[in-house]
Amino acid sequence: MTVQRAAPPVPEGAWFKSSYSSGGGGECVEAATGTEVVYVRDSKNHDGPILALSSKAWTGFVVFTVDRAH
């Protein structure tokens, strides 16, 4: 399968790194909010794939992640 992207869905300056990202080279994600979606990408691969999640899906992901961390 080939995935093509004409342009990034959000400006580069809109991305923010997860507060759980330690900067130590582990699993790091960045997110950016759109009008009705939250975009997620690997912070170490800005040209890689971008996931587009509904606000509801993003909220479920965050709640699941926080619950597992405690």
### Message
Regarding the stretch 1-9, can at least one residue be identified that is modelled with pLDDT of 85 or more and on the phi < 0 side of the Ramachandran plot?
### Response
no
#### Entry: Output for the stretch 31-45, where each listed residue is surrounded by 10 or more Cβ atoms within 10 Å (Cβ to Cβ) and either hydroxyl-bearing (S, T, Y) or in contact with a strand residue (DSSP E or B) (Cβ under 8 Å, 6 or more places away or on another chain) (or both)
A31, A32, T33, G34, V37, V38, Y39, V40, R41, D42, S43
### Task
Kindly provide the set of residues from the stretch 32-57 that are more than 10 Å from W15 (Cα to Cα) and among the basic types (K, R), ordered by number.
K44, K56
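The values are calculated or read from the model by the stated rules, or taken from the named source; none is laboratory data. These numbers were taken from a predicted model, which means no experiment stands behind them. Every residue, glycine as well, gets a Cβ built from its backbone with ideal geometry; the counts of neighbours run over all protein chains shown.
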